[in-house]
Amino acid sequence: MDDQPKRTTEKMCDPCLVEGKKEESTNFCVNCLEYFCINCARDHRKYKQSRDHTILEELPHDTTIYRAFNTFTRCEFHPEIQIEKFCIHHDAMICRYCLKDMHHVCDDVVDIDDYKKVEIEAIPQTLAELKTKCLEHKTALDMQMEEFFNNNVDVKDNILVYVQKVRDVADRVE
Ligand SMILES: [Zn+2]
Ligand SMILES: [Zn+2]
Ligand SMILES: [Zn+2]
Ligand SMILES: [Zn+2]
């Protein structure tokens with residue numbers, strides 16, 4: 001029996017929650033921005049409309065970047081769906097509806113899914129690099145703080161010396 005208190009950061013599987021079940025999530029789909037349990041992740045990979053989604057095997061600590069990326073890859077005319085193609089002729093990122101409605105006569109329409117997938121898969125790496133940069137900054141900041149603190153210690157010492165001198169003078173006058 002595992003009666004250890006659960007971490008509050010633990011995410012429940014989103015599709016299971018819809019069904020009123022509480023399943024611990026193990027995966028995260030960066031296209032849907034949803035958490036999945038093992039079974040739902042397997043289903044998600046199985047169905048045609050979500051087969052090419054990028055499903056992370058590890059839960060991200062912070063989903064902000066995925067959310068930002070997701071907004072960025074939405075069609076500006078059809079915000080409910082993601083862009084899939086790039087029309088070279090119009091220099092436009094378009095979704096499948098745009099392709100049908102406005103770009104059906106364009107010859108040079110390319111698939112951007114592969115490009116997007118590569119970008120998304122690089123996110124954990126990008127995050128790691130950002131973290132390293134932050135740590136470097138933090139170290140620099142710590143050094144500055146230390147310097148600042150040391151300088152202040154000097155000031156304090158000087159003040160103490162000064163106060164002592166004033167006292168000495170005062171003692172002599174008395
Ligand atoms: Zn998905
Ligand atoms: Zn589930
Ligand atoms: Zn569109
Ligand atoms: Zn076009």
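The values are calculated or read from the model by the stated rules, or taken from the named source; none is laboratory data. It should be emphasised that the depicted structure is a prediction, and the values quoted were computed from it without experimental measurement. Every residue, glycine as well, gets a Cβ built from its backbone with ideal geometry; the counts of neighbours run over all protein chains shown.
Descriptive notes on the structure:
- Residues in the range 15-43 that are assigned to a strand (DSSP E or B) and of a type outside the set (Ser, Thr, Tyr) were compared, and the one that is nearest to ligand 4 (Cβ to nearest atom) is Cys29.
- Qualifying residue in the range 71-82 (condition: within 16 Å of ligand 3 (Cβ to nearest atom), in a strand (DSSP E or B) and under 27 Å from Ile112 (Cβ atoms)): yes
- Here Ile94 does not fit the description of being of a type in the set (A, V, I, L, M) and either modelled with pLDDT under 80 or within 16 Å of ligand 1 (Cβ to nearest atom) (or both).
- The range 20-43, subset within 11 Å of ligand 2 (Cβ to nearest atom) and either in contact (Cβ under 8 Å) with a residue 60 or more places away in the chain or more than 12 Å from Leu59 (Cβ to Cβ) (or both), residue surrounded by the fewest Cβ atoms within 10 Å (Cβ to Cβ): Lys22
- When the range 44-68 is limited to residues that are polar (S, T, N, Q) and part of a loop (DSSP other than H, G, I, E, B), the one that is farthest from ligand 3 (Cβ to nearest atom) turns out to be Thr63.
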